[in-house]
1. Would you calculate the convex hull of the Cα atoms in region 181-236 and tell me its volume per residue in Å³?
2. When the Kirkwood radius is taken over all Cα pairs of the chain, what Stokes-Einstein diffusion coefficient follows at 10 °C and 1.306 mPa s, in µm²/s?
3. So for the pair E63, W21, with labels modelled 7 Å out along Cα→Cβ, what separation do we get in nm?
4. Taking neighbour Cβ counts within 10 Å as the exposure measure, how do V45, V36 sort from fewest upward?
5. Could you work out the mean projected area of the convex hull around the alpha carbons of region 109-236, in square nanometres to one decimal?
6. Once Rh for region 21-147 is found with the Kirkwood sum over Cα pairs, what is the Stokes-Einstein diffusion coefficient at 37 °C and 0.692 mPa s, in µm²/s?
7. Running a GNM on the chain with Cα contacts under 10 Å, which residue among A222, A51, A114 ends up with the highest mean-square fluctuation?
8. Which residues make up the longest stretch of the chain clear of trypsin sites (Lys or Arg not before Pro) that lie in a DSSP loop with no more than 13 other Cβ atoms within 10 Å, not counting the sites?
Amino acid sequence: MGVRHRIPRLRVPVEPPSTPWQLPDPTDAPNDLVGVGADLEPGTVLAAYRAGLFPMPVDIEGESLLGWWSPDPRGTLPLDALRVSRSLARSMRRFEIRINTAFEAVIDACGDPARDGVWISSGIRAAYVDLHRRGWVHSIEAWSRDDGALAGGLYGVAIGGLFAGESMFHHRPDASKAALVALVDLLGDGGDRLLDVQWTTSHLASLGARDIPRAEYLARLAEALHEPLPAAFVGH
């Protein structure tokens, strides 16, 4: 399904300094949480995604610490398995899809403290805003055609053929789903690209997401990292 997008020109992402940390190997980790500590410097965060990890705060004995996660099984959305119902296809006509035009508004909506299960701390926010400005993190936004308001969206990390979805939100029905359909459209041009959704929720499962074993995820990740970055994320 083709989706019309408004895409600003972006710089090609530049590698930051390497991380000084030795990140944990998730291959045989017994739990989803595989390490605690380190930092959220750009080099650390990118190294983590390349190793199959992502950061998320964890509460241990009443103290909020930086956790590094690698779920087993891992939620993914196969690009050829996206399910778009007739009602969703109709709803999508109500939105204009834009990329990277309001990143901070998207991450703030995803981190709204009024939402259940919010995990986007001030440190996480600052790290991803920094990575966005460096060209590594992107927002897919659904804007209402009726009143021009930001109706929903998502954001995530793009490295080669990997898009690691971090969070999504909606203020209007189907707006976040419209953003996800647009993302699949951007990624679904062949090759070994991988759309990582971390954990498969019932909402994502209804759209075609499925769990795969961690070992399979790591193997597919290694292939995806060799794919080119989708053109939409580097401008024209």
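We did not get these values from a lab; they are worked out from the coordinates using the rules stated. It should be emphasised that the depicted structure is a prediction, and the values quoted were computed from it without experimental measurement. All Cβ positions, glycine included, derive from the backbone under ideal geometry; neighbour counts span all protein chains shown.
1. It comes to 91 Å³ per residue, whole-number rounded.
2. On the way: Rh = 18.0 Å.
The diffusion coefficient I find is 88 µm²/s.
3. About 1.5 nm separates the two model spin labels.
4. Numbers: V45 25, V36 12.
If I rank by nearby Cβ atoms, fewest first, I get V36, V45.
5. Approximately 8.9 nm², given one-decimal rounding.
6. Working: Rh = 17.0 Å.
In µm²/s, the coefficient rounds to 193.
7. Largest GNM mean-square fluctuation: A114.
8. Longest stretch, sites excluded: 146-236.
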